[in-house]
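The values are calculated or read from the model by the stated rules, or taken from the named source; none is laboratory data. A quick note: this is a predicted structure, and the numbers were derived from the prediction, not measured. Note that each Cβ is placed from the backbone with ideal geometry, even for glycine, and that neighbours are counted across all protein chains shown.
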Amino acid sequence: MSEQVSRFSSRPEDQEYASCVEQINDLLGGPIAPEEDVRAEFARSIAQLIGLSAVTPNYSGYYAGRRYAPNQFATLIGPAGSNKSVISSARHVTANVHRRRLAESERELVLFEEEALSKKPAGLIVAADASSAALVDRIAHHKWDALIVSPELDAGRAKPGESWKDLSVIQRQAFEHESIEIVRMERAISIESPRLSMVGAGTPGAFLRVIPTIEDGTFSRHLWLMTEVQSKWRSPKPRANQRQYGQNLLRLQLAVDRMAKAFEKRKRELDFQLSDSQWRVFDSYFESMKSDVANFPSGESLFQVVHRLGVIAFRLAMTVSAARVFLKDPKAVGKVVNHFPSDDDLQLALDIVRIGFYNAVELSALLPTVEITTSGDREERLTEFLHQLPDRCSRMDAVEAGNLLFGLKPRTVDLYLRKLVDRKHMSKPKPGVYIKNGTP
């Protein structure tokens, strides 16, 4: 393997994205859509891997004494018009699996008429815009894993007073395969050892609504992707090889379904393992990452990101290795007891995580370290903060006042100022300048 990068804070080069995309395309039999901006292409490739992570039941490995399946969460953040629809690739590559499982579920319900009255057919893909109780109910009906594709990041986010609609609770428990139980209307809905994969997309504004603070456990459980609006015009004229993309997708859909069937037929878990030399590379990589994080301004808050990126890298290696071997030879699924990745598989997983880490650091700069709610002491502190500000102040004045009077960090002061402007208590005539309009 190549020598590990000693610093993780530098912005990934386009070539790093392109290299990952090229390797994933090789694994999956070629690109399934015309070339886009390299970051959008990378997001499309990761979405395909997330889809694959949801179609390999009976496959898991031990990490830090716990058994993890390959199921993964990834979310793409970008402004409007930045081609966030590429995440739909997770749905496209698993379409045949979804249709087959849905048909099988329908046939099973016909045989059990009483259950058919209370249950609905379940395939692979689950809609995200539902209450947490409805989501758990739907996932509970899945015989195998479930996949959520959410083009609107905050579709499952609760409004104040609507905690029943908060998808983050499900994500935090499903990440560790911990049992989920929700009681609604005197009815208990539960899932033992849930296996859930999810890919989502949203704007920076939606990100802030879903992740209220850097210490929110949902933040560290996602592989974060980022894209941006392209200034150059891309012609929509059909490409000469347009038909080839469709053929690649059809072949991939068939191969994914064959692989999924093979995993479904296994009678016992296929055990994923790293070799001793691969564990040494793995440990060295994350020791270096954690050492670098300690020097960041918000280093302590990012430690949980590093720890969970280790789990994410392990799971990515599981999916990448399964794709490399079992998409081409699904019969091999039933012939092995233990499965080891190649060194290239592990390196690709680490390269993907390197990009995800940089994105997480960038997004963490938008988040406060303490969540602000709309009730109780924190609301009183927001009101007191406003009262302590002069009628006209700069952002630097507000930062100094927040630190001196309340011990607030700059990110939290920025969030306070944003809330006060949104509520019309202050106006912002130009960048960095704030004027009081009144008091709450």
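Structure above, values below:
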quantity: Whichever residue in segment 214-240 is within 25 Å of residue 175 (Cα to Cα) and β-branched (Val, Ile, Thr) and, among such residues, is modelled with the highest pLDDT; calculated: 227
quantity: Unmet criterion (only one of (1) of a type in the set (Val, Ile, Thr); (2) crowded, with 19+ Cβ neighbours inside 10 Å; (3) free of Cβ contacts under 8 Å to residues at least 60 places away in the same chain; (4) over 25 Å from residue 244 (Cβ atoms)) for residue 56; calculated: (3)
quantity: Hits in segment 227-242 (condition: surrounded by 10 or more Cβ atoms within 10 Å (Cβ to Cβ), part of a loop (DSSP other than H, G, I, E, B) and not basic (Lys, Arg)); calculated: 227, 228, 229, 230, 241
quantity: Any hit, segment 363-380, residues being at pLDDT 85 or above and either among the small types (Gly, Ala, Ser) or farther than 30 Å from residue 19 by Cβ (or both); calculated: yes
quantity: Criterion violated by residue 65 - all others in (1) within 20 Å of the chain's Cα centre (by Cα); (2) within 27 Å of residue 291 (Cα to Cα) satisfied; calculated: (1)
quantity: Residues of segment 63-107 that turn out to be part of a strand (DSSP E or B) and among the β-branched types (Val, Ile, Thr), as a count; calculated: 2
quantity: Residue within segment 41-60 that is aromatic (Phe, Trp, Tyr), in contact with a helix residue (DSSP H, G or I) (Cβ under 9 Å, 6 or more places away or on another chain) and over 20 Å from residue 176 (Cα atoms) present; calculated: yes
quantity: Test: residue in segment 90-108 that is within 21 Å of residue 355 (Cβ to Cβ) and either touching a strand residue (DSSP E or B) at 6+ places or on another chain (Cβ under 7 Å) or at pLDDT below 95 (or both); calculated: yes
quantity: Qualifying position, being out of contact with any Lys or Arg (no Cβ under 8 Å at 6 or more places or on another chain), surrounded by fewer than 23 Cβ atoms within 10 Å (Cβ to Cβ), in the same structural domain as residue 338 (by TED's automatic domain parsing) and among the hydroxyl-bearing types (Ser, Thr, Tyr), among 62, 68; calculated: 62
quantity: Where residue 302 falls short, out of the listed (1) at pLDDT below 95; (2) surrounded by fewer than 18 Cβ atoms within 10 Å (Cβ to Cβ); (3) over 28 Å from residue 89 (Cα atoms); calculated: (2)
quantity: Any hit, segment 295-307, residues being within 20 Å of residue 268 (Cα to Cα) and touching a Lys or Arg at 6+ places or on another chain (Cβ under 7 Å); calculated: no
quantity: Residue within segment 311-323 that is in the same structural domain as residue 273 (by TED's automatic domain parsing), touching a Ser or Thr at 6+ places or on another chain (Cβ under 9 Å), surrounded by fewer than 20 Cβ atoms within 10 Å (Cβ to Cβ) and at pLDDT 95 or above present; calculated: no
quantity: Candidates 399, 413, filtered to the one that is within 31 Å of the chain's Cα centre (by Cα), assigned to a helix (DSSP H, G or I) and surrounded by 17 or more Cβ atoms within 10 Å (Cβ to Cβ); calculated: 413
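A quick yes/no check of all residues on (1) more than 23 Å from the chain's Cα centre (by Cα); (2) part of a loop (DSSP other than H, G, I, E, B); (3) of a type in the set (Phe, Trp, Tyr); (4) modelled with pLDDT under 80:
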{"site": "258", "(1), (2), (3), (4)": "yes, no, no, no"}
{"site": "261", "(1), (2), (3), (4)": "yes, no, no, no"}
{"site": "274", "(1), (2), (3), (4)": "yes, yes, no, no"}
{"site": "297", "(1), (2), (3), (4)": "yes, yes, no, yes"}
